[in-house]
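**Q** Before anything else, here's the structure in question.
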Amino acid sequence: MFGYAEQGLEGWVYPLQILRSFGVAFRRQGDSTEIDGQSVLRRIVYSPEAVTRVYVGPDFVIRERLFVPLDAPGAIVTYEMDATLPVDIVVHFVPVLDLMWPAGIGGQEVQWNPGASAYLLSEPSHRFTASVGSPDIVAHDGTLNYAQSVGRGPGLAFTLRARNARNTAQVVIAGGVAGEDASAIAKTLLKESTALDRSAVDHYVHVLDEALQIDTPDPDASRALAWSEIALDQAWVCNPDLGCGLVAGYGASRKARRPQYDWFFAGDGMVAVNALLAAGQYQRAREELEFILKFQDHNNGMIWHELSQSAAFVDWDKYPYKYVHVDLTFDFLNTVNGYLSTSGDVDFVNKNWDALQAAYRYCRSLLDPKDGLPRIPPDKEGSNEQDPLNDDLTLSASWVAAAEAFADLAAATGHTAQAAAARRTSQQAREAVGHRYWDRRQNVWISAYSRSGAPLIDRDASPTAALRSFVFTPQQRASLLDQLASYEFQADWGTRSKASSASTYDPNSYASGSVWALGTASTASAFWAEHRPATALPIWSGLVPWTSLDSLGHMPETLAGDYYHEELESVPEQTWSSAALFTSTVTGLLGLRVDSRLQQVSFAPHLPPSWNEVTVRHLRVGGSEITLNMTQSAHEIRLQMQNAGAPVQMVFDPELPFGAALRGVQIGNRSITAKLEQNPQDTHAKVGFTLPAGSTLLTLGYTGGAAIVPASWRPMMGEPSGAIKITALSLSGRVLVIELDHPISVSSSFELRTPWVIKDIHGAALEPVAPSLYRVTLSAHTPDAEPRSYQRSKVVLRLSDSD
């Protein structure tokens, strides 16, 4: 069940829509006029197993609890009343009983069944039935074939009256497929409602107890991460004809019988697999990969794009949606390789080796022999659905990674010659990408080539995928990152899909300027991977408020580019948004990498300077389960580790304040060697050791260094961007240079934490806030300027160890 109060809710039992426009009104005893529920809806309470809407009238409070059991084809809506005088509840709905788009059935009928106290929905083939009713109905509309509408809206209505000591009433919605009796299902749902409710509560307790747990000092961030895992679990759907897999999201169908992304998309599923791996849910990740392989094109090895819930009722292969995106086959090889290294499940690769070889052959079939890079056939698409392209940077970078991934898969399964050949192919492609997709004259990346062969330089955010494949020179990478870090790409709520200065930028365009959660999470991860934490952290932080824009944890697809609100075409909930946030947190912010085959874990956190600790539980490495508690203070990091299992090879590589010096590292009372890593924009200390079973404490001491603490920002709906964008840092000796974009119409600030003495500052004002903590403020240059106007500035601080 999903929807909005003003439109009413929809009810689905895969692959059927049972009803739409489900809503309520209230009639107090002695009144003849109904009070529309929408007008008195005051609060919504979210729990993983149910949603409760609270209606507050003149002298009554009614709580409507929407509950969908985990594995039963129906829903139970419970009304709990607290009223001075009795209140009747009038339920309105429009019966549908039709298949999800594009299939359909005709001849629907609705009859009132007094014995079941319900409306029964049926169709002539008798395969599908549905029931909508309640034992608490005291009045109902007739279903006669009236020649005229008699003053009421479309659909049906019935009246509920609480007739028990608990002052509650219940509505049951049930769907029957394959000839099942919906009335019998409804009866069972009512009879077993308490047990079904308990089962759902226990299920989500289990999900949160068994999956990776991340506790932070920021309650909003901790809640967002927990709810992201819940949203991921709620995306798992079982279709009686197609099987079980992850759907891409939820949203009202807008009268089109397509409930937004509530069907199967292989690409979205692969993004979700990465989140499942980050959460340690290896079995569910394998099940999703098996579901994707189930519909692979056996003729050429291509991975499919999308499957409607009604695909089994039509010749779906004849629709132009199943095998259309060539990029997904490349992504699939990369995803399977990530699954293998994280889970250690060689059996999956061996079992599906023929299918993986077929996918690799399909990728190779798209290569242009002149440069060894893929081209998009005229009847296919890459990741860009809006523009017909010959080839693009994202696809070519994905090929570099896919060939390397296939080499890893081949090596793991003993196919040595294939592994060596694939590695050579990957290296050749890597060298070719840098030449084809960089305009040296303008010093900017080429996003794609049109069908006519013209290079497209529109400064979109696509290069983040290329960064992971190291296809550009260090100088090109630095230029690319500097541009992506600017205010032209970075809104306060995430990364624009295209620079605001681009000629084709449109802040309200679905693909040419809006802010995608998926792209934002990838961008934050890319900046962390490039050791630019001062830029990465605000990008990631901008995603956290998304998780409470609508139903908790269920993040929208896109937001607008100029002002903080949902983009007009955006789906209200897309699985890959919450999945990408979780993955970015685990692999980017926390820097966790698990290799179960090697029984090894790497923990390279870039913790926000304002966080004093973080705790990670249920980190699974092979047969071991690890808990990590990291605390950081001005001069020390302490890592308390608990290993319930076999010894694990551990690499701890935390970020220190920029420019800090290492004092030493101890495990227990034993000193161990660590390596200080001075990167161009951050500092790390790296240490490797064997983590035994039981409890182990590591202590790492350091001195000096500087850390930027970005201003805390939580957006208000409709606001433009106003936060500083850190574009680059450098430290030469004791001279710290901060390059940034800042608004010119208002003053803005950030904090700097350092034990060093600040001798002087240029480009900003400095104010002591606390010992070793300073506020750096950039004044407004043009108070009358347009609020969204930014300018590039440079703040230079000269520091010393002492007075």
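Just so it is clear, none of the values below were taken in a lab; they were calculated from the coordinates. Note that this is a predicted model, so its numbers are computed, not measured. Positions of Cβ are generated from backbone atoms using ideal geometry, with glycine treated the same way; all protein chains shown enter the neighbour counts.
**Q** Once phi is turned into ³J(HN,Hα) by the Karplus curve 6.51 cos²θ - 1.76 cosθ + 1.60 with θ = phi - 60°, what whole-Hz value does each residue of region 231-239 show in order, with x for glycine and proline?
**A** Per residue, the Karplus-derived 3J(HN,Hα) values read 4, 5, 5, 6, 7, 7, 10, 10, 9 Hz.
**Q** So, one more: Order the peptides 119-125, 551-557 from the highest to the lowest mean number of other Cβ atoms within 10 Å of their residues.
**A** Highest to lowest by the protection proxy: 551-557, 119-125.
**Q** Starting from the 7 Å offset along Cα-to-Cβ, what nm value, one decimal, do you get for the label separation of SER779 and THR627?
**A** Placing both labels 7 Å beyond Cα along the Cβ direction yields 5.3 nm.
**Q** Please give the net charge around VAL271, taking every other residue with its beta carbon less than 11 angstrom from that of VAL271, where Lys and Arg add +1 and Asp and Glu add -1.
**A** -3
**Q** Going by amide H atoms built from the backbone, whose H comes under 5 Å of the H on GLU557, apart from near neighbours?
**A** VAL571, GLU573, GLN574
**Q** While we're looking at this one, here's another question. For LYS686, which aspartates and glutamates qualify as cross-link partners when the Cα separation must be under 19 Å and same-chain residues fewer than eight apart are set aside?
**A** GLU530, ASP595, GLU613, GLU636, ASP653, GLU655, GLU677
**Q** Near GLY106, within a Cβ-to-Cβ distance under 10 Å, what is the net charge of the other residues, with Lys and Arg +1 and Asp and Glu -1?
**A** -2
**Q** Length gain on complete extension for the stretch SER450 to GLU109, per 0.36 nm per residue less the alpha carbon to alpha carbon distance?
**A** Difference between extended and current length: 117.6 nm.
**Q** Calculate the FRET efficiency for VAL138 and ARG714 from the Cβ-Cβ distance with a Förster distance of 41 Å, rounded to the nearest 0.05.
**A** With R0 = 41 Å, the Cβ-Cβ based efficiency is 0.30.
**Q** Can you check what the net charge comes to around HIS618, using other residues whose Cβ is under 12 Å from the Cβ of HIS618 (Lys, Arg +1; Asp, Glu -1)?
**A** That works out to -3.
**Q** List the lysines whose alpha-carbon lies under 24 Å from that of LYS294, not counting same-chain residues fewer than 8 positions away?
**A** Within the straight-line limit of under 24 Å, LYS294 reaches these lysines: LYS318, LYS322, LYS351, LYS380.
**Q** Can you work out the FRET efficiency for the pair ASP241 and ARG638, with r the C-beta to C-beta distance and R0 = 51 Å, to the nearest 0.05?
**A** Computed FRET efficiency for ASP241 and ARG638: 0.40.
**Q** Another one. If amide hydrogens are placed 1.01 Å from N in the peptide plane, which non-local residues have theirs closer than 5 Å to the one on GLY542?
**A** The answer is none.
**Q** Next question, about the same structure. At 0.36 nm per residue, and after removing the present C-alpha to C-alpha distance, how many nm does the segment from ARG424 to HIS298 gain when stretched out fully?
**A** Extending this stretch completely gives an extra 42.7 nm.
**Q** If packing is taken as the average number of other Cβ atoms within 10 Å across a peptide's residues, how do 184-194, 591-601, 486-496, 321-331 rank, most packed first?
**A** Descending mean neighbour count gives 486-496, 321-331, 591-601, 184-194.
**Q** What distance in nm separates the two pseudo spin-label positions at PHE470 and ASP202, each 7 Å out from Cα along the beta-carbon direction?
**A** Roughly 5.0 nm, to one decimal.
**Q** Return the distance in nm (one decimal) between the two label points of a simple spin-label model at VAL735 and GLU431, each offset 7 Å from Cα along Cα→Cβ.
**A** So the label points at VAL735 and GLU431 sit 4.0 nm apart.
**Q** On to the next question. Give the long-range amide H neighbours of ILE376: residues separated by 5 or more places, or on another chain, with amide H under 5 Å away, using H modelled in the peptide plane at 1.01 Å from N.
**A** Hits under the 5 Å cutoff: ASP391.
**Q** R0 = 45 Å: FRET efficiency of GLN283 with LYS255, Cβ-based, nearest 0.05?
**A** Using R0 = 45 Å, I get an efficiency of 0.70.
**Q** Would you work out the relative contact order for region 668-803, in percent, from Cα pairs under 8 angstrom that are 6 or more residues apart?
**A** Worked out over region 668-803, it gives 25 percent.
**Q** So, one more: Only four residue types carry charge here, +1 at the Cβ of Lys and Arg and -1 at the Cβ of Asp and Glu. Report the dipole size of the chain about the Cα centre in Debye, rounded to the nearest 20.
**A** Result for the chain is approximately 1320 debye, rounded to the nearest 20.
**Q** At a Cα cut-off below 20 Å, give the lysines reachable from LYS725, other chains included and same-chain residues fewer than 8 away excluded.
**A** Within the straight-line limit of under 20 Å, LYS725 reaches these lysines: LYS498, LYS794.
**Q** Using the Karplus equation 6.51 cos²θ - 1.76 cosθ + 1.60 (θ = phi - 60°), what ³J(HN,Hα) coupling, rounded to whole Hz, does each residue of region 470-476 give in order, writing x for Gly and Pro?
**A** 6, 8, 10, 5, x, 5, 5
**Q** Something else now. How much length, in nm to one decimal, is gained on full extension between GLU80 and ALA770, taken as 0.36 nm per residue of separation minus their Cα-Cα distance?
**A** Computed gain between GLU80 and ALA770 is 243.2 nm.
**Q** Let me spell out the model: positive unit charges on the Cβ of Lys and Arg, negative unit charges on the Cβ of Asp and Glu, origin at the Cα centre of region 191-347. What dipole size does that give, in debye rounded to 20?
**A** In debye, rounded to 20, region 191-347 gives about 680.
**Q** Sort by residue number and name the cysteines in the chain that have no neighbouring cysteine Cβ under 4.7 Å.
**A** CYS363
**Q** Considering only DSSP states other than H, G, I, E and B, which chymotrypsin sites (Phe, Trp or Tyr not before Pro) in region 744-803 qualify as loop sites with at most 14 other Cβ atoms within 10 Å?
**A** Counting only loop positions with at most 14 other Cβ atoms within 10 Å, none of the chymotrypsin sites (Phe, Trp or Tyr not before Pro) in region 744-803 qualifies.
**Q** Classify region 717-761 as rounded, prolate or oblate, taking a ≥ b ≥ c as the square roots of the eigenvalues of its Cα gyration tensor: rounded when a/c is under 1.5, otherwise prolate if a/b is larger than b/c and oblate if not.
**A** prolate
**Q** Provide the packing ranking of 473-479, 215-221, i.e. peptides ordered by the mean count of other C-beta atoms within 10 Å per residue, highest first.
**A** 215-221, 473-479
**Q** Still on this structure: What is the magnitude of the charge dipole of region 585-638 about its Cα centre, with +1 placed on the Cβ of each Lys and Arg, -1 on the Cβ of each Asp and Glu, and no other charges, expressed in debye to the nearest 20?
**A** With only Lys, Arg, Asp and Glu charged at Cβ, the dipole is about 160 debye.
**Q** What relative contact order, as a whole-number percentage, does the chain give when Cα pairs under 8 Å and 6 or more residues apart are counted?
**A** Worked out over the chain, it gives 8 percent.
**Q** Among DSSP bridges having both ends in the chain, what percentage is antiparallel? Round to the nearest 5.
**A** Rounded to the nearest five, the antiparallel share is 95 percent.
**Q** Angle, helix 393-412 long axis vs. longest principal axis of the chain, Cα atoms, 0 to 90°, nearest 10?
**A** It works out to around 90 degrees.
**Q** So I have (1) 87, 63, 59; (2) 95, 71, 48; (3) 112, 63, 49, and one of them is Cα extents along the principal axes in Å calculated from this model. Which one is it?
**A** From the options (1) 87, 63, 59; (2) 95, 71, 48; (3) 112, 63, 49, the structure gives (1).
**Q** Continuing with the same structure: Can you give me the relative contact order of region 303-346 as a percent, contacts being Cα pairs under 8 Å and 6 or more apart?
**A** Here the relative contact order equals 39 percent.
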